[in-house]
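Novice: I have a structure I would like to understand better, so I am pasting it below and will then ask my questions one at a time.
The values are calculated or read from the model by the stated rules, or taken from the named source; none is laboratory data. Predicted model, so just to flag it, every value in this text is computed and none were measured. Glycine also receives a Cβ, built like all others from the backbone with ideal geometry; neighbour counts cover every protein chain displayed.
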Amino acid sequence: MKRVFVISLFFVAATSCKKSFLDLQPPNAITVGALANANGVQQLLVGAYHDVTGLTVHSGWWSTSGTNWIYGDITSGDAYRGGDNDGDNAIVIEHFQTQPSTGDISDKWRSDYDGVSRSNAVILAANTATDMTDEQKKIAVAQARFLRGHFHFDAKKIWNNVPFIDEAVTDFKVANTEDIWPKIEADFRFAYNNLPAKMALKGEANKWAAACYIVKCYMFEHKYNEAKALLDSIIPASYGGHGNGTNSQGAAYALVSNYDDNFNAATENNAEQVYQIQFSVNDGSNGGNENIGESGNTPAFYPLSSFYTTWKQPSFNFVNAFKTDADGLPMIDTFNVTNMTNDENVSGKDYTYFPYQGTVDPRLDWTVGRRAVPYLDWTSEYFDPNYTQYNNNWVGYPSNPGSDPAFGWINDRTFGGPYNPVKNNYRASQVGIYSDYYAQGYLLGSGVNYSIIRFADVLLWAAECEVEAGSLDRARQLVNYVRARAMNGRYVPVSYDYEGSYYASANYYIGLYNNSWTNKDKARDAVRFERRLEFGLEGHRFFDLVRWGIAAEYINKYLQQEKPRLPNDLTAVSFTANKNEYFPIPQGEIDLDPKLKQNPGY
């Protein structure tokens, strides 16, 4: 079914249209007459949907990726840029040294506004089409306004001061001095009011995805009462709400049984998915539909060092956050006092290494690859200590690409630490099905979807709202729904080392918050910490820190603790309050539009 969806919806533009179609000009600069019909509107809509991937005509691969790992993960304290072999712009971004001339920022701006342009083209063509019913036009325009809202939302959270471009704009010299949240909300509200609950194709936005995006706007605007009321209309009764939220195929929103099913190509578009980026491989698009943006964060799974791998390496601080106490709860105040046992300074041929034996949240190893712990299904349940050579090189733990430095899974541990990302990587059993060789001959492109919003988001947004404007104990209940899934779902299989005593690779233990919450500050900390554990390395963390108003304090504290742990990367890095919360407006855009004003501090 996935192949049918992606080819028929996302890449018709590449297979059924001339290349000039992909090179869309600003919407009022094109001649919509030839496309002002049902077929043309569908093709324009295909192009707009495809831009959600970030793979546009302005794409810089990872710099424009819809997963936002550069802007949301390596800036947040959850991950390092990793690798030090190419001087990529991402290192500049990680170090909060971004300038208006930084290339990645320019690519990202053009990519978001290319999506805005394509969305506006759909609206213009639909409004003048003569072979579409009013209902068909309404649904097409509603989808386009959903997408336009998405692209403006993405730009807003990255730059804050951005222009809103709708289909009526003709001169394209637009100031960025207006707060565009109301207009973004209006786009999503139109989509909510006019889209059906059930759509024909899995990746299409439905009315409930639009409703959830309205909530997301409210969370950034601190409109907790408004968000709380709308959330109650989304959350089903089984989770304490009074709502009817469903995914685009009509399945009632729910947490899937297993946490890792949210990051597995074989179980995507499930009941937890509010809105996913649809990726595909081996479909004739020459990689145009695959998740190229995350390709630099995918282990090569072969015994050689890849130029592109390990560019998003989980931080010591992030891994430490998964420690649990005697009740299986997060150690919110003390988790980072000492590092979890790791192989930062351990040779690949040292078989005396054993992983951390304290208790950890089971979501850790579905999120982070660490030595001696199985990495998805790429590792055998047991390690063979007698297998010690490959091409005359000594290699230890040969079946575990998650961490062994002798296998080249990590380019430079002194620069990026000893950990690898796991989420949204394909399984060994999926090679050739959800992976291809387009990106590089030794680096497989991925067809694993990426979740922009999932139902766990909705529950934890509701918990935030209850802390700020409702019941603390209702917030506790909502957090416990998320923790119960992690507790009762599938764990990474435990492995043992043959050398010496038998040591389990992990000691999983997670509990629920069983005591009533009575302290608002502690409840807020618990909800925010839960969000970090649940959504780690999914591109959201930095933007959460900014919307909570704690980015400068949090990140500078993180850097103070983390610099001694990774001096080759983080020395001299600092975060400047009232500046680094947002990125600079690209200078090239200001040169083109003199009405644009630069963000403060740049």
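Novice: Of (1) touching an Asp or Glu at 6+ places or on another chain (Cβ under 8 Å); (2) over 30 Å from Glu581 (Cβ atoms); (3) among the aliphatic types (A, V, I, L, M); (4) modelled with pLDDT under 95, Ile30 satisfies all except one. Which?
Specialist: All conditions are met except number (1).
Novice: Exactly one condition in (1) in contact (Cβ under 8 Å) with a residue 24 or more places away in the chain; (2) in a helix (DSSP H, G or I) is false for Ala229; which is it?
Specialist: Failing condition for Ala229: (1).
Novice: Looking at region 191-217, which of the residues that are over 11 Å from Ile139 (Cβ atoms) and without any contact (Cβ under 8 Å) to a residue 60 or more places away in the chain is surrounded by the fewest Cβ atoms within 10 Å (Cβ to Cβ)?
Specialist: Checked region 191-217; the qualifying residue surrounded by the fewest Cβ atoms within 10 Å (Cβ to Cβ) is Asn193.
Novice: Restricting to region 553-578, name every residue that is surrounded by 15 or more Cβ atoms within 10 Å (Cβ to Cβ) and within 18 Å of Lys157 (Cβ to Cβ).
Specialist: Tyr554, Ile555, Phe575, listed by residue number.
Novice: Going by the structure shown, is Asp112 of a type in the set (Asp, Glu), assigned to a helix (DSSP H, G or I) and out of contact with any Lys or Arg (no Cβ under 6 Å at 6 or more places or on another chain)?
Specialist: Answer is yes for this residue.
Conditions (1) surrounded by fewer than 23 Cβ atoms within 10 Å (Cβ to Cβ); (2) modelled with pLDDT under 80; (3) assigned to a helix (DSSP H, G or I), marked per residue:
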residue	(1), (2), (3)
Gly293	no, no, yes
Ser305	yes, yes, no
Tyr308	yes, yes, no
Val319	no, no, yes
Gly328	yes, no, no
Lys349	yes, yes, no
Val373	no, no, no
Ser380	yes, yes, no
Asn386	yes, yes, no
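Novice: Can you list residue pairs whose Cβ atoms sit under 6 Å apart, with the first residue in region 115-131 being surrounded by 24 or more Cβ atoms within 10 Å (Cβ to Cβ) and the second being aromatic (Phe, Trp, Tyr)? Count only pairs 6 or more apart in sequence or on different chains.
Specialist: Gly115/Phe151; Val116/Phe151
Novice: Output the qualifying pairs, or none if there are none: Cβ atoms under 6 angstrom, residues six or more apart or on different chains, first residue in region 558-569 and free of Cβ contacts under 8 Å to residues at least 12 places away in the same chain, second residue assigned to a helix (DSSP H, G or I) and surrounded by 14 or more Cβ atoms within 10 Å (Cβ to Cβ).
Specialist: Correct list of pairs: Lys563/Leu570.
Novice: With Tyr513, Tyr558, Tyr481 as the choices, which residue is closer than 23 Å to Thr102 by Cβ, hydroxyl-bearing (Ser, Thr, Tyr), at pLDDT 95 or above and in contact with a helix residue (DSSP H, G or I) (Cβ under 8 Å, 6 or more places away or on another chain)?
Specialist: Tyr558
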